[in-house]
1. Quick one: how many residues across region 207-218 are surrounded by 21 or more Cβ atoms within 10 Å (Cβ to Cβ) and more than 16 Å from the ligand (Cβ to nearest atom)?
2. Which ones in region 164-186 are open to solvent by 70 Å² or more (accessible area, probe 1.4 Å) and assigned to a helix (DSSP H, G or I)?
3. Sort out which residues of region 60-103 are open to solvent by 60 Å² or more (accessible area, probe 1.4 Å), touching an Asp or Glu at 6+ places or on another chain (Cβ under 8 Å) and either of a type in the set (A, V, I, L, M, F, W, C) or part of a loop (DSSP other than H, G, I, E, B) (or both), and write them in order of number.
4. Go through (1) within 25 Å of Val30 (Cα to Cα); (2) within 16 Å of the ligand (Cβ to nearest atom); (3) of a type outside the set (Gly, Ala, Ser) and name the single condition Leu367 misses.
5. Residues being part of a helix (DSSP H, G or I) and among the acidic types (Asp, Glu): count how many of those fall in region 206-253.
6. How many residues does region 391-415 contain that are aromatic (Phe, Trp, Tyr) and either surrounded by fewer than 19 Cβ atoms within 10 Å (Cβ to Cβ) or over 24 Å from Gly231 (Cβ atoms) (or both)?
7. What residue, of Ser106, Ser116, Ser110, Ser125, is touching a residue at least 12 places away in the same chain (Cβ under 8 Å), assigned to a helix (DSSP H, G or I), under 28 Å from Ser177 (Cβ atoms) and within 16 Å of the ligand (Cβ to nearest atom)?
8. In this structure, does Ala134 turn out to be in contact (Cβ under 8 Å) with a residue 40 or more places away in the chain and surrounded by 21 or more Cβ atoms within 10 Å (Cβ to Cβ)?
Amino acid sequence: MNRRDFNLSLLAAVPALMLRFPQSNAQLRVDGSRLNSHLTELAKFGKTPEGGTNRVAYSDIDQQARQYAMQLMRDAKLEVGVDAAGNIIGRRAGTDAALKPLMIGSHIDSVPQGGSYDGQVGSMSAIEVAQSLADNNVRLKHPLEVIIFQNEEGGTIGSAAISRGLSEKDLNIVTNSKKTIREGIKFIGGDPDRLASIVRKKGDLAGYLELHIEQGGVLYNEKIDIGVVEGIVGINWWEVTIEGFANHAGTTPMNQRHDALLAAAKYIEAVNRVVTSIPGRQVGTVGKIQSFPGAFNVIPGKVATSLELRDLDSTKVETLFEKTMVEVRRIETETGTKFDFKQVNGSKPALTDTRFRQTIDESAKQLGLTTKALPSGAGHDAQEIADICPVGMIFVPSRDGISHSPREFSKPEDIANGANVLLQSLLRLDGKLG
Ligand SMILES: [Zn+2]
């Protein structure tokens, strides 16, 4: 072997050496400035004069942003494809072909006139994690899937397509882009006729991890770096109708009225009192109200209103509903009215996996970050995926707890911290999970 050949053989040995002796995984970090510059680039797709993002699913802007994300995935050495529902999936094989994939990701569609962080932080961070693994020649045991779910804001459509499938009714929903979901799926490169092929069963995935902005003010107000999400609260909705009796407002004495709006006023106050009467983080809201016939001189004969209760624990929601009913029966007697509650489509609570929570907490602490366990009051793709595999969610602080607004903001260093927790949690889970 001459000197030149010797040098060449050394060069050839380098990748093998790196594979055999990877730098200790615990020392691996994402490139925070690269990640934040990708977020700045992404925010240009649909930037509004107020500094937010208007990128509703299936719009031209959404499609352009998706192309940008796919290019980043290719740069991160992922094999990129669009599934039948239009979800973008970047794949890299693991070293153990017998293992099921570990999935990380989020969404890049926004609400109308939304912010530049919701979903986007988790999506760009997942790609950054893949890029960092590639840069350091670290290959997971598990296959890796980086996913950008389509149309999260329209009701977690892309993740639902994977976890339970979409119904005809879902496909016919007209979205903010003015396209139906069926038309939207075709527009972004999916195939609504092949949706059955992408539904995954329990056990098809080893796990799913999602980084997201908190969209509330707990971490920001308490100056905590990382939220370890305990689960996504169930959302319970009721349409409430109050029947009274419409009558002349001038001639009907006060003690002979059946005023539905007065009953509604007492009801709204009662809901607030019931929800705050027991310890915990449950929330309850009466968010809409309409009075009939709605005139100066007619005692309201009918009111259409609502009830929303959210908590991680369904039993607690049942208890709150029962306590509300006790108040309602009293108000009916007091006001001579009749209440009717009709439950409408809500969602059940989705708990994160204990091992995933512990892993996220350990990873954050090892990075020198403070943590707090908290529920998510907002819905996420992770709640759909929780039906088919263990999931974990990582939150980073939202300034002033503002979200779904152009004023949504998370600090670049908080985002980099979140991405490092995502990277470290992924590496640890890759080692722990079968
Ligand atoms: Zn989101």
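1. 1
2. Glu168, Lys169, Glu183, Lys186
3. If the condition is that a residue be open to solvent by 60 Å² or more (accessible area, probe 1.4 Å), touching an Asp or Glu at 6+ places or on another chain (Cβ under 8 Å) and either of a type in the set (A, V, I, L, M, F, W, C) or part of a loop (DSSP other than H, G, I, E, B) (or both), then Lys100 is the only one that fits.
4. (2)
5. Adding up the residues that qualify gives 1.
6. 1
7. When all the criteria are applied, what remains is Ser125.
8. In short, no.
The values are calculated or read from the model by the stated rules, or taken from the named source; none is laboratory data. These numbers were taken from a predicted model, which means no experiment stands behind them. Heads up, the Cβs are rebuilt from the backbone with ideal geometry, glycines too, and the neighbour counts pull from every protein chain shown. With ligands, DNA and RNA removed, areas are computed over all heavy atoms of the protein, side chains included. Shrake-Rupley method; radii C 1.70, N 1.55, O 1.52, S 1.80 Å.
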